[in-house]
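Asker: Submitted below is the structure of interest, expressed as structure tokens.
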Amino acid sequence: VAVIPFYGVEQPGLFAIERQAMDRAGLVLAALDRILPATGTVLDVGAGDGFTASRLQSVTRRLVCLEPAMSQSAATSLTWIRGAAPDVALQTNSVVAAYSTWAYFFPEFLDISAGLNDLNRVVKPGGPIVLVDNAGDDAFCAMAPQPIATAPSTWEALGFEVEVIETAFEFDSLADAERLLTFFFGDRAEVALTVEFKVGVAVRFAD
Ligand SMILES: C[S@@+](CC[C@H](N)C(=O)[O-])C[C@H]1O[C@@H](n2cnc3c(N)ncnc32)[C@H](O)[C@@H]1O
């Protein structure tokens, strides 16, 4: 199992800056909310502190979060399973949908086929499997010394349809922007209050 280290456990304050700033307009959340069934149990793989899951949960849509690095700031309104892809410790056909945002499903760098197979197993036939990652070709990814995005063509080759959402990092202050961007990119960081950011939302349906 490839567990990718999560800086948010050691530095929850910095992760909070990231989560508040990235896609501040909530365009990715809105897309997930539209794609996921409004009723039933939905799985979030690599949920972090539950930022996304807690915003998608409702009276009728319940969220189960799989996460290897449980954070002290994990949202208590959610159901948590300590674990990691590719092995999802849930029964076959037990959820109506599954998604993952910026966690584990990085097909440019990892063989995600086992993880995809297990999502296909736990999601009821016809339910959406939604994977979210940087789409690249933007000011944010341009700061990285090496590629940090999944090209839409890579998702398409895996049988996904991709929507590229044009959003932005919008920071509260230049100090916050500097803290996060230099943490990520060192002296390649181009500090600004607003940084262009494109996100791929890849969808395929369980069979
Ligand atoms: C960049 S964070 C994203 C967190 C959250 N999905 C979000 O959007 O805020 C990556 C997350 O993936 C988790 N992770 C690392 N390896 C994993 C694995 N093999 N399976 C599931 N999650 C994993 C990390 O612990 C971390 O919480």
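The values are calculated or read from the model by the stated rules, or taken from the named source; none is laboratory data. Just so you know, these numbers come straight off a predicted model, no measurement behind them. Heads up, the Cβs are rebuilt from the backbone with ideal geometry, glycines too, and the neighbour counts pull from every protein chain shown. These area figures cover heavy atoms from the full protein model, side chains too; ligands, DNA and RNA do not enter into them. Shrake-Rupley method; radii C 1.70, N 1.55, O 1.52, S 1.80 Å.
Asker: Do we have residue 184 as in contact (Cβ under 8 Å) with a residue 60 or more places away in the chain and within 22 Å of residue 16 (Cβ to Cβ) here?
Answerer: Spelling it out, it is not the case that residue 184 is in contact (Cβ under 8 Å) with a residue 60 or more places away in the chain and within 22 Å of residue 16 (Cβ to Cβ).
Asker: Across the range 12-28, what is the number of residues that are out of contact with any strand residue (DSSP E or B) (no Cβ under 9 Å at 6 or more places or on another chain), more than 14 Å from the ligand (Cβ to nearest atom) and in contact (Cβ under 8 Å) with a residue 12 or more places away in the chain?
Answerer: Residues in the range 12-28 being out of contact with any strand residue (DSSP E or B) (no Cβ under 9 Å at 6 or more places or on another chain), more than 14 Å from the ligand (Cβ to nearest atom) and in contact (Cβ under 8 Å) with a residue 12 or more places away in the chain: 0 in total.
Asker: Take the residues in the range 78-100 that are closer than 16 Å to residue 40 by Cα and outside any strand (DSSP E or B); name whichever of them is nearest to the chain's Cα centre (by Cα).
Answerer: Filtering the range 78-100 for residues that are closer than 16 Å to residue 40 by Cα and outside any strand (DSSP E or B), the one nearest to the chain's Cα centre (by Cα) comes out as 78.
Asker: Could you identify the single residue in 3, 42 that is at negative phi and surrounded by 19 or more Cβ atoms within 10 Å (Cβ to Cβ)?
Answerer: Checking each option against the conditions leaves just 42.
Asker: Select, from 156, 178, 196, 163, the only residue that is among the charged types (D, E, K, R), touching an Asp or Glu at 6+ places or on another chain (Cβ under 8 Å) and not in a loop (DSSP other than H, G, I, E, B).
Answerer: 196
Asker: May I pose another question? Touching a helix residue (DSSP H, G or I) at 6+ places or on another chain (Cβ under 6 Å) and not in a strand (DSSP E or B): which single residue out of 114, 75, 103 fits that description?
Answerer: One residue alone meets the criteria, 75.
Asker: Is there a residue in the range 29-45 that is within 8 Å of the ligand (Cβ to nearest atom) and either in contact (Cβ under 8 Å) with a residue 60 or more places away in the chain or under 30 Å from residue 139 (Cβ atoms) (or both)?
Answerer: There is at least one residue in the range 29-45 that is within 8 Å of the ligand (Cβ to nearest atom) and either in contact (Cβ under 8 Å) with a residue 60 or more places away in the chain or under 30 Å from residue 139 (Cβ atoms) (or both).
Asker: When only residues in the range 16-30 that are open to solvent by less than 20 Å² (accessible area, probe 1.4 Å) and not in a loop (DSSP other than H, G, I, E, B) count, which is nearest to residue 52 (Cα to Cα)?
Answerer: The extreme case among them is 28.
Asker: Name the residues in the range 66-86 that are open to solvent by 50 Å² or more (accessible area, probe 1.4 Å) and more than 9 Å from the ligand (Cβ to nearest atom), would you?
Answerer: Within the range 66-86, 72, 73, 76, 77, 79, 80, 82 meet the criteria.
Asker: Another question, if that's okay. From the list 49, 33, exactly one residue is touching a helix residue (DSSP H, G or I) at 6+ places or on another chain (Cβ under 9 Å) and open to solvent by 60 Å² or more (accessible area, probe 1.4 Å). Which is it?
Answerer: 33 is the lone residue from the list that is touching a helix residue (DSSP H, G or I) at 6+ places or on another chain (Cβ under 9 Å) and open to solvent by 60 Å² or more (accessible area, probe 1.4 Å).
Asker: While we're here: Picking from 198, 124, which residue would you name as being of a type in the set (D, E, K, R) and crowded, with 17+ Cβ neighbours inside 10 Å?
Answerer: 198
Asker: While we're here: All but one of (1) touching a residue at least 24 places away in the same chain (Cβ under 8 Å); (2) away from the ligand (no atom under 13 Å from the Cβ); (3) of a type in the set (D, E, K, R); (4) in a strand (DSSP E or B) hold for residue 62; state the number of the condition that does not hold.
Answerer: (1)
Asker: For the range 89-108, name all the residues that are open to solvent by 10 Å² or more (accessible area, probe 1.4 Å) and away from the ligand (no atom under 12 Å from the Cβ).
Answerer: Matches in the range 89-108: 90, 91, 92, 93, 94, 96, 107, 108.
Asker: Please tell me if residue 9 is surrounded by 14 or more Cβ atoms within 10 Å (Cβ to Cβ), among the hydrophobic types (A, V, I, L, M, F, W, C), farther than 25 Å from residue 195 by Cβ and near the ligand (Cβ under 8 Å from one of its atoms).
Answerer: no
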